[in-house]
1. Scan region 220-240 for residues that are free of Cβ contacts under 8 Å to residues at least 40 places away in the same chain and either surrounded by 14 or more Cβ atoms within 10 Å (Cβ to Cβ) or not in a loop (DSSP other than H, G, I, E, B) (or both) and jot them down.
2. Check S205, S272, S255, S240 and return the single one that is outside the structural domain of T129 (by TED's automatic domain parsing) and at pLDDT 95 or above.
3. In region 175-192, is there at least one residue being in contact with a His (Cβ under 6 Å, 6 or more places away or on another chain) and modelled with pLDDT under 95?
4. Which of (1) surrounded by 15 or more Cβ atoms within 10 Å (Cβ to Cβ); (2) out of contact with any Pro (no Cβ under 8 Å at 6 or more places or on another chain) is the odd one out, the single condition K248 does not satisfy?
5. Which condition number does T90 fail, the rest of (1) surrounded by 14 or more Cβ atoms within 10 Å (Cβ to Cβ); (2) at pLDDT 85 or above being met?
6. Picking from G125, G143, which residue would you name as being modelled with pLDDT under 80 and not polar (S, T, N, Q)?
7. Out of (1) under 19 Å from L62 (Cα atoms); (2) within 22 Å of the chain's Cα centre (by Cα), the odd one out for I127 is which?
Amino acid sequence: MSQRRSRLSFHGINVGVEMLESRLVPSGSSGHGPAHAAEVVSSSHGSPSRPDTATDISHTHLTGKLVSNDPLVTATGSVSFESAAHKGKTSSELNVQVSGLAPNTSFDVTVTTVTGTQTNTVTIGKITTNAAGVGHLKISSQGKAHPLPANSPPITDTSVIKVGANLSATLAAPTPELETETKFKATLSDPSGASKLTAEAEFESETEQGVTVRVFKVDIKKGTPGTTLDVKIGATSVGSILVDASGKGSIILSSHPVDGQSLPFPTTFPTSLDGSAITVGVATGKFVKSR
């Protein structure tokens, strides 16, 4: 199964998430064990049947947004399932991403499928969050570390994926949409000229295959070593930067902070940046849309 990552990156730091391609390479499984469990979920709406051709592939792509059933739990997440069958051989992959859960905690991931009057629920894995409450589970028919369990029910467009006791998503075929991308930049300096502090701020939002990735990054130079600078957009504080011994520092916020270099967006982060003022310590600037 092929994958790619969202193109969002700053100065060589990958801060995107894995995006499933619409092309999957079927495994060489003969239909036993975990691969057999994946085989039963292949769809029947693929390319027109042309025996003995490499293009005779039946393909399924399902997605879902994880939402909480408890108003006190603000965690969110996304689910993506993809499967392809070719000449009786099937490859499948399930990706589950969460943010805002309790940090450094393991949560069961279950799949529930209703067939007629029968309801089947199976635990298919665990997600362990990092210190920021973010976690990711990848289950693949071709994976050895996290294969799809042999007793997993067929995953269909009515399956419910649940993480822990509160987050759940009902899978469905994604609504076709064009890729969208938005970028803003700001250059900051001290308007009084008293400080040599400068900063560069960047924001980027990209939506692909129903998944939106947002990234915000600020780099500062010529700051006073050892000081902490508050980062504000308008009057809203969105984080802080600790200046290192060389007078430099940075902060990265991401909607999918799974790389260990970024932090989750605060809930107070502004929804619109066009023309907004940004301040870092005594340095100020204004966001402008960029290409």
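The values are calculated or read from the model by the stated rules, or taken from the named source; none is laboratory data. Predicted, not measured: the structure shown is a model, and the values here were computed from it. All Cβ positions, even for glycine, are placed from backbone atoms using ideal geometry, and neighbour counts span all protein chains on display.
1. K221, K222, T228, T236, S237, V238, G239, S240
2. Just a single option satisfies the conditions, and that option is S240.
3. No - not one qualifying residue is present in region 175-192.
4. Going through the list (1) surrounded by 15 or more Cβ atoms within 10 Å (Cβ to Cβ); (2) out of contact with any Pro (no Cβ under 8 Å at 6 or more places or on another chain), K248 breaks only (1).
5. Result: T90 fails condition (2) only.
6. Result of the check over G125, G143: G143.
7. (1)
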